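Taken together, the values in this text are just the output of simple stated rules run on the coordinates, not laboratory data. Every value quoted in this text rests on a predicted model; they were computed, and no experiment measured them. Glycine gets a Cβ as well: all are built from the backbone with ideal geometry, and neighbour counts include every protein chain shown.
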Amino acid sequence: MERAIWTHTVTGATSYFHAPMSPLLVLIVAVLATTYAGPIVRFAAAPALAIAFWRLVLVLPVTGGLAVLEGSREPGAGSRISRVTPLPAPGSPLPLMTLSGLLLALHFWSWIASLRFTAVASSVVLVSLKSVFAWGFAAVWLREHPTRTEAWGIVLAVIGASLIGLGDARLSLGAFGGDVLALLGAVTGAGYYVIGRRVRQTVGIWRYATGVYAVAAAALALLALARRTPLVGFAGRDWAVFAAMAAGPMLVGHTGMNYALRHFRATTVNVAALGEPVGATVLAWLIPAIHEAPRAMALVGGVLVLLGITVSLRAGNGKRPGRGRGREGSDAR
């Protein structure tokens, strides 16, 4: 059943359109689905390139099949029931989708590789700083700015995420290298989501996901070939990790966030993703084979992250005209 959603255009005006599923609910479920990605990678002996490659390839039959059923457009994406296109549609989505896929491939490789050198919490937190980079990219390219309330929520969540990272910091050369890789994952991940925000205005979710995931998988395969990294011949436990990464963090997590990009700003989606390090830290603590107990600073950081996400999402969910001022009053920028 379609749901009525109020959102903000790039100029700040509030507009009304229909969405086939609740974007906020999809976003929450997507974030929850990503929380076990960091901890579960620790159980695989396969190289980072292989993990990133198979988590993409294994979802392509599902997304590809749904893309065929979807047709040219998902309900609400540029159709008659949508009264406004929040952003200008790109002339041709193919170049941007290709770039998005390349950024996604680099994002996955750098993040998964970072987990070999630094703690789960440090890696996931640094990657989650992509919300800050997305803020900057979206402001420059899309001319989208968060409201003042959203901005405070983002700042609060990033401070909390930083506390989690500081509480889990490792002062060693190996950990520093892993942190650099994770930071690279943050920059490339931000670019991937900001491009998705633009392209998703006219391209249905399953067509977009299939195209981008296919490009990313092809790029990773070429990189593996160049580095002579094996993509087959792994143990059963590795294949179980591949399947788990594909089913939850990829199919539900990334695809759900890409769905939300049609209805929320890239900064809003990325600040919601800051819930991932909180869940990942808890799981890394509870799983006996990992058992990385969070310190008190990390616990305080987790509370701040959740509070920041709540503030940002409530502000970014929009208000209907006639209730207050159309641009969220003094919060509008």
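Brief remarks on what is shown
- With the simple model of a label 7 Å out from the Cα in the direction of the Cβ, residue 32 to residue 148 spans 3.5 nm.
- Karplus-derived 3J(HN,Hα), 6.51/-1.76/1.60, for each residue of region 97-110, Hz, glycine and proline x: 5, 5, 4, 4, x, 5, 5, 5, 4, 5, 4, 5, 4, 5
- From phi via Karplus (6.51, -1.76, 1.60), per-residue ³J(HN,Hα) for region 37-43 in Hz, x at Gly/Pro: 4, x, x, 6, 4, 4, 8
- Rounded to whole Hz, the Karplus (6.51, -1.76, 1.60) HN-Hα couplings of region 51-58, x for glycine and proline: 4, 5, 5, 6, 5, 7, 4, 5
- Checking every one of the chymotrypsin sites (Phe, Trp or Tyr not before Pro) in region 209-244 against DSSP loop status and a limit of 13 other Cβ atoms within 10 Å picks out no site at all.
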